[in-house]
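The values are calculated or read from the model by the stated rules, or taken from the named source; none is laboratory data. Please read these numbers as outputs of a predicted model, since none were measured by experiment. Note that each Cβ is placed from the backbone with ideal geometry, even for glycine, and that neighbours are counted across all protein chains shown.
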């Protein structure tokens with residue numbers, strides 16, 4: 001009987017929320033649209049053709065090309081320098097006009113990787129690109145050595161500018177992929193041609209003639225579509241943490257949690273509305289213990305939050321597929337982990353909601369307190385802009401469930417499953433607020 | 001002691017609140033009350049008399065400061081859930097979820113009273129038919145008129161077939177047609193379902209019309225209890241016959257003659273100064289109107305003789321008004337103030 005009442009109370013909360021068009025608009029459509037707009041902006045920057053409408057520019061970048069090159073003088077590391085560092089004889093305006101990459105990175109070169117790291121640490125540079133000394137040796141192919149070996153380019157970003165660092169990382173990854181896929185294709189094609197020329201004398205003669213006249217080049221170029229990636233781009237902060245930035249993941253999850261906070265806080269605080277409407281009195285006068293009424297409302301709010309964030313996660317995944325033009329799941333490869341984060345942040349939000357419902361007495365108080373808490377949490381959680389570069393604020397963010405949830409979603413999207421701490425903190429936050437709030441919220445059922 | 005004929009037994013029920021200044025005061029003062037099974041019992045009193053506080057304690061919404069009440073033998077302080085199962089509630093305000101349909105509201109509250117499955121569905125069908133809203137059952141309540149909402153509000157109280165249903169001013173703010181329908185519904189609940197009805201109102205007319213017994217309440221106390229007739233008897237049960245005679249003067253001798261009519265206990269002459277709007281309190285400059293006021297046990301029986309004698313004696317009567325005693329007069333007599341004050 002108690003279970004039936006709990007489910008009935010919870011069902012009403014969920015039903016009322018998701019059958020109200022304006023609520024659906026606020027809870028689901030708005031965060032999805034906001035996240036999509038932000039995601040689209042950044043996706044446009046890195047999309048095919050790299051259009052000239054670059055929203056991020058002058059990302060002060062330093063390249064340390066330690067590549068020793070190949071015996072024949074080929075130096076693949078130099079490709080990065082040539083593409084990102086404007087020629088010295090070009091004015092800044094002329095350089096920007098010539099290449100969008102010059103406009104984007106405003107890059108210079110250094111020889112000392114430590115100096116580059118130090119420069120990023122002190123804020124002289126936003127990003128440092130460190131190309132290893134054996135880069136060409138590992139990635140390059142020749143008729144003598146057609147083996148391609150894995151190698152890593154380090155991209156070190158300043159913590160205060162993760163977006164800029166990520167944009168540069170994407171550019172570096174794009175260049176590296178082109179180099180790698182080209183070399184792989186060349187290697188495999190040459191190998192196939194040589195094998196055939198060896199067994200087929202007529203073809204061997206044609207091969208020699210064509211090779212000397214350079215006719216193979218177009219064929220190699222058309223084959224540059226492989227996705228094989230022997231070059232790893234590792235983006236780090238100066239403290240060594242591996243970071244990454246998918247705008248859709250970061251802003252999307254921040255928006256989802258931000259709007260969920262409203263649902264959680266208003267959900268339980270709606271006890272005040274029920275009291276004003278008289279429906280709470282009617283429930284109290286039914287043969288239903290007061291704690292059942294309260295817990296039923298909390299369960300309803302919790303499930304509503306879970307559904308809201310889950311639907312946003314799915315919606316953002318679809319947006320991610322559309323923007324990227326390929327069937328990839330932006331939240332990583334651990335859907336159970338994603339769902340665990342959804343549950344944990346919904347629990348934390350509901351706990352805070354219970355607490356808020358206990359401290360506010362009127363609808364007006366509720367509106368003010370809910371808005372202030374949700375906005376502060378949202379700002380600290382990065383729903384609007386990143387605050388990680390501001391030392392004091394950076395510490396404060398860790399007091400919000402938004403930070404831990406967004407961090408967990410981001411980690412999962414980068415295939416990093418180390419979200420245990422995030423889950424523990426979220427559940428602990430929820431439990432603490434829930435315990436304190438339960439006592440306080442019970443007073444809202446007194447008449 | 002609760003007998004087989006008693007549905008509600010209230011003993012020494014009191015509730016203390018704090019005023020805005022922080023001073024404690026009793027909204028309900030040691031009320032004793034017995035309501036019999038199958039009767040419509042009305043608590044009549046002006047706003048602030050303590051009616052809602054009393055039934056809120058009986059319904060388990062607020063805890064009494066002292067005293068206890070039993071509903072169907074269950075103590076509201078010791079067996080609150082059992083007592084609540086016996087009680088159906090129709091609050092004064094429309095206590096419905098506006099975005100749910102009438103049927104969804106009924107099913108929701110039905111489940112909160114432990115009903116479910118086919119029994120719930122069947123019962124919802126019954127009450128929808130009872131309140132004549134079967135054809136509107138799937139429309140959202142916020143699209144309903146005030147009267148329709150009131151009917152759903154009542155239906156929820158009826159849903160679990162309670163032995164006692166309390167209705168707190170259920171006709172407030174609705175049109176005469178819906179008011180008539182609600183009053184008929186209250187009577188049907190007693191007559192068709194054998195329910196006991198605890199009804200509160202500050203409207204004397206409707207209380208007088210539907211109640212088997214009335215408790216008159218003021219300042220947190222029950223002033224008197226009885227049938228309408230019993231209460232009227234308590235204040236003397238006299239009709240008042242008012243003869244308007246315009247500016248004509250009436251002598252004491254003429255009044256004495258009128259007093260000889262059988263059943264008449266007193267006759268007085270009063271002058272009421274007219275204002276520009278008609279009858280007034282003497283502030284106007286127009287000549288005063290006179291009226292002869294006769295009191296009689298059975299006023300309508302004495303009326304022909306009084307008119308005949310007045311005509312014979314040269315008293316020119318312009319109009320006649322018969323005022324029979326009602327609950328308004330009872331309340332006035334008991335409290336020294338009008339019910340609507």
* Structure fact -> Checked the stretch B:11-37 for anything touching a residue at least 60 places away in the same chain (Cβ under 8 Å), crowded, with 16+ Cβ neighbours inside 10 Å and under 21 Å from residue B:197 (Cα atoms); matches are B:28, B:31, B:33, B:35, B:37
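Any idea how many residues of the stretch B:99-115 are outside any helix (DSSP H, G or I) and more than 8 Å from every other protein chain (Cβ to nearest Cβ)? Can you show your working first?
The first filter runs over the stretch B:99-115 and keeps only residues outside any helix (DSSP H, G or I), leaving B:99-101, B:113-115.
Adding the requirement that they be more than 8 Å from every other protein chain (Cβ to nearest Cβ) leaves B:101, B:115.
Of the residues in the stretch B:99-115, 2 are outside any helix (DSSP H, G or I) and more than 8 Å from every other protein chain (Cβ to nearest Cβ).
Inside the stretch B:162-179, can you point out the residues that are assigned to a loop (DSSP other than H, G, I, E, B) and either out of contact with any strand residue (DSSP E or B) (no Cβ under 8 Å at 6 or more places or on another chain) or touching a residue at least 40 places away in the same chain (Cβ under 8 Å) (or both)?
Quick first cut of the stretch B:162-179, residues assigned to a loop (DSSP other than H, G, I, E, B) only: B:162-163, B:169-175.
Those that are assigned to a loop (DSSP other than H, G, I, E, B) and either out of contact with any strand residue (DSSP E or B) (no Cβ under 8 Å at 6 or more places or on another chain) or touching a residue at least 40 places away in the same chain (Cβ under 8 Å) (or both): B:162, B:163, B:169, B:170, B:172, B:173, B:174, B:175.
Do the conditions hold for residue B:106, that is, is it in the same structural domain as residue B:43 (by TED's automatic domain parsing) and under 12 Å from residue B:157 (Cβ atoms)?
Values: in the same structural domain as residue B:43 (by TED's automatic domain parsing): yes; under 12 Å from residue B:157 (Cβ atoms): yes.
So residue B:106 fits the description; yes.
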* Structure fact -> How many residues of the stretch B:315-335 are in a loop (DSSP other than H, G, I, E, B) and either surrounded by 15 or more Cβ atoms within 10 Å (Cβ to Cβ) or modelled with pLDDT under 90 (or both)? The answer is 5
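So, of the residues in the stretch B:68-102 that are surrounded by fewer than 22 Cβ atoms within 10 Å (Cβ to Cβ), within 25 Å of the chain's Cα centre (by Cα) and touching a residue at least 12 places away in the same chain (Cβ under 8 Å), which turns out to be farthest from residue B:141 (Cα to Cα)?
Taking the candidates together, the pick is B:68.
Among what's in the stretch B:131-145 and is assigned to a helix (DSSP H, G or I) and in contact with a helix residue (DSSP H, G or I) (Cβ under 7 Å, 6 or more places away or on another chain), pick the residue that is nearest to the other protein chains (Cβ to nearest Cβ). Full working, then the answer.
Going residue by residue through the stretch B:131-145, those that are assigned to a helix (DSSP H, G or I) are B:134-136, B:141-143.
Then keep just the ones that are in contact with a helix residue (DSSP H, G or I) (Cβ under 7 Å, 6 or more places away or on another chain); that gives B:134, B:136, B:141.
Working: B:134: 22, B:136: 18, B:141: 11 Å.
Looking at residues that are assigned to a helix (DSSP H, G or I) and in contact with a helix residue (DSSP H, G or I) (Cβ under 7 Å, 6 or more places away or on another chain), I get B:141.
I'm trying to understand the selection: among the residues of the stretch B:43-79, which are in a helix (DSSP H, G or I) and facing chain A (nearest Cβ under 8 Å)? Show your work before the answer.
So the first thing to find is which residues in the stretch B:43-79 are in a helix (DSSP H, G or I), and the list is B:51-58.
Of everything in the stretch B:43-79, just one residue is in a helix (DSSP H, G or I) and facing chain A (nearest Cβ under 8 Å), namely B:56.
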* To do: At least 2 residues that are surrounded by fewer than 24 Cβ atoms within 10 Å (Cβ to Cβ), within 21 Å of the chain's Cα centre (by Cα) and more than 14 Å from every other protein chain (Cβ to nearest Cβ) in each: list the helices (runs of 4 or more DSSP H) lying fully within the stretch A:250-359 that qualify.
  => A:290-324, A:335-359
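Could you name every one of the strands (runs of 3 or more DSSP E) located completely within the stretch B:183-253 that has at least 1 residues being in the same structural domain as residue B:296 (by TED's automatic domain parsing) and touching a residue at least 12 places away in the same chain (Cβ under 8 Å)?
Numbers: elements: B:196-201, B:213-218, B:221-226, B:239-246.
Filter on the stretch B:183-253 gives B:239-246.
Among residues belonging to the stretch A:21-48 that are within 14 Å of chain B (Cβ to nearest Cβ) and in contact with a helix residue (DSSP H, G or I) (Cβ under 9 Å, 6 or more places away or on another chain), point out the one that is modelled with the lowest pLDDT.
Within the stretch A:21-48, the subset within 14 Å of chain B (Cβ to nearest Cβ) is A:21-24.
Narrowing further to those that are in contact with a helix residue (DSSP H, G or I) (Cβ under 9 Å, 6 or more places away or on another chain): A:23-24.
Numbers: A:23: 85, A:24: 88.
Among those residues, the one meeting the criterion is A:23.
Pick from B:125, B:132: which is surrounded by fewer than 19 Cβ atoms within 10 Å (Cβ to Cβ), in the same structural domain as residue B:178 (by TED's automatic domain parsing) and modelled with pLDDT under 95? Break it down into steps so the answer makes sense when it comes.
Working: B:125 fails: modelled with pLDDT under 95.
That would be B:132, the only listed residue that is surrounded by fewer than 19 Cβ atoms within 10 Å (Cβ to Cβ), in the same structural domain as residue B:178 (by TED's automatic domain parsing) and modelled with pLDDT under 95.
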* Structure fact -> Among the residues of the stretch B:283-314, the number that are modelled with pLDDT under 85, more than 26 Å from the chain's Cα centre (by Cα) and assigned to a loop (DSSP other than H, G, I, E, B) is 6
* Members of the stretch A:194-220 found to be surrounded by 12 or more Cβ atoms within 10 Å (Cβ to Cβ), out of contact with any helix residue (DSSP H, G or I) (no Cβ under 6 Å at 6 or more places or on another chain) and either at pLDDT 65 or above or closer than 25 Å to residue A:151 by Cβ (or both), listed by number -> A:194, A:200, A:206, A:210
